[in-house]
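Below is one structure; the comments refer to it alone.
Bear in mind these aren't lab numbers, they're just calculated from the coordinates by the rules spelled out. What you see is a predicted model, and the numbers here were worked out from it, not measured in a lab. So basically every Cβ, Gly included, is an ideal-geometry build from the backbone, and we count neighbours across all protein chains shown.
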Amino acid sequence: MATIDDVKIAELPRFLDARGNLSFVEQLNHIPFEIKRTYWIYDVPGGEIRGGHAFKQNQEFMVALSGSFDVEIDDGENKKTFTLNRSYYGLYVPAGLWREINNFSTNSLALEFGSEHYSQEDYIREYDEFLKLKHDGKI
Ligand code: TYD
């Protein structure tokens, strides 16, 4: 059962170049799962919050390709905020953790890789249900 201690920031490779810098990410290397899905969040109006749910199975890896945002992780007992503000950092978030993404900067672009295809059934959207499943050791 995942806790906030299982959430990890990974520093990605960087090729600094006068022509422009390059970074990359590989599945089963920097990302510790096979990628089944990639999506991105953009054009977030000031003050908005995304997320606010947990996944039963889906693991995630997030990168702030542009700008910055905060990822608040809650394991039912402890909370921690991770700030992503460089495109060469990635945040690994295991399944079974409540997470919210907020404090988006202007023009921020959040890229997210997932270990599962999109499934509405994989979402836990009620915080009380999350706490119950967590305390029962089901997620
Ligand atoms: P959702 O994950 O609910 O956004 P958030 O929790 O950040 O507010 O996704 C918003 C909508 O996008 C939802 O109605 C379903 C759709 N969606 C997909 O169809 N596929 C996907 O991979 C994702 C992430 C969302």
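Extending 7 Å from the Cα toward the beta-carbon at both D128 and S105 defines two label points whose distance is 3.9 nm.
For segment 1-77, GluC sites (Glu not before Pro) meeting the loop criterion (DSSP other than H, G, I, E, B) and having at most 12 other Cβ atoms within 10 Å: E26, E34, E48, E77. Contact order, relative form, for the chain: 34 percent (alpha carbon pairs under 8 Å, 6 or more residues apart, mean separation divided by residue count). Highest mobility in the GNM of the chain, judged by mean-square fluctuation with C-alpha springs under 10 Å and restricted to F61, F69, F24, is found for F24.
Can you show me the helix-derived [θ] at 222 nm for the chain, built from DSSP H runs with n ≥ 4 at -39,500 (n - 2.57) apiece and divided by the number of residues, rounded to the nearest 500.
Roughly -2000 deg cm²/dmol at 222 nm, from the helical runs in the chain.
For the pair D43 and L16, what calculated FRET efficiency results from E = 1/(1 + (r/R0)^6), where r is the Cβ-Cβ distance and R0 = 30 Å, to the nearest 0.05?
0.55
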